[in-house]
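See structure below.
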Amino acid sequence: AGRESGRRPKRHALATHDMAAESAGGAPVLWACRVSGWEPDDAEWRRCLALLQPEEQERVQRFVRLIDRRRALIGRLLLRRLAVKVLGMAPADVAFDRTKEGRPVLRTRRPDGTPALYDFNVSHHGDWVVLAAAQSCVVGVDVMSVELPRGDQTLKSFFDGLSTVFTPREWSTVEAARVRPGPATPVAGADGKDADEGDARPAAGSEALRLELFYWHWTLKEAYLKARGIGLGFELQRVEFEWSEEGAWSPTLVVDGARPRGWHFSLCRLDPGHVLTVAHAPLSEASTSLQAALEKTTPARAGSGGRRSRDGSRACDCPRDASLHVVPSVVTPATLAADASP
């Protein structure tokens, strides 16, 4: 989800409330887990790790830094919670495959043999790990901590090092610092508890807003690429986001000069220091390898496993309102482990 920073987060209790019902009838899922402050002892760590399939355990243990291992473990537990709580699978039956680009896809079907037809995506950065999922469409999610990475002393040096990731128009938006995207009030406060009501967005024209706009654009592009299942090597300036007016909730996607239909981007402010973007799009927007992986669970008979549009094709259950205020359900590591346990 971007470069890690050296900021040491404030110690706090994890958020303990679950703010939305589990996905019903194909409604999109968005769960967030705050990992800073979670310090499992050896026994708790082993219990959580044992819930994963062996190859996923190995992936978690490969990370060198402790915080990266914890983020990776929480990400896997979020995936298992999706399979158990939303899709009704038994914990022992949950298994995942990966595309050639390394994107996870669900291997197992529902208990009645019908396909899951859920796409999902995980992102982690800073204090948070986030999972987004939806039925009959592709999903991408990206969360970023809004701060200068370690080693970048000034905003200018940071931007200069990444000058090719945005188009001239996008850089103009960042530098002008007039657009103040997303919801004003974050989901959680800086201490991990309920956020205070009020406008947490930086002031127009400020350096803080320029930095935040950089990360809004960054998460938008990452969410787009992850939804499509595209690996490294994609030219980022082929994708551009246009803001129609100051204070817009979500910009318009432009790819190779055209405006593709069916894309929906939702912006969320997790806490005063973290921004989040979720992308939803029709299955036809997925890369070849992702489509092939998802088609393994596509039912052969029409009418099963997902809504159908008038022409008989599978309809996308992603949000229709581009200004949708996405509010994640905040879950704790203890909840994730309990939900994923046999």
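Things worth noting here:
- For the peptides 145-158, 167-180, 71-84, the ranking by mean Cβ contacts within 10 Å, running from highest to lowest, is 71-84, 167-180, 145-158.
- Accessible surface of the stretch 120-273, 1.4 Å probe, proportion on carbon and sulfur as whole %: 47 percent
- Ranked packing of 129-140, 225-236, 278-289, 249-260, most packed first, by mean Cβ within 10 Å: 129-140, 278-289, 225-236, 249-260
- Heavy-atom SASA rank of Asp68, Asp93, Asp119 (probe 1.4 Å, accessible area, largest first): Asp93, Asp68, Asp119
The values are calculated or read from the model by the stated rules, or taken from the named source; none is laboratory data. Only a predicted model underlies this, so the values are computations on that prediction, with no experimental measurement involved. Methodologically, a virtual Cβ is constructed for each residue, glycine included, from the backbone with ideal geometry; neighbour enumeration extends over all protein chains shown. We work out accessible area using only protein heavy atoms, side chains counted, and drop any ligands, DNA or RNA first. Shrake-Rupley method; radii C 1.70, N 1.55, O 1.52, S 1.80 Å.
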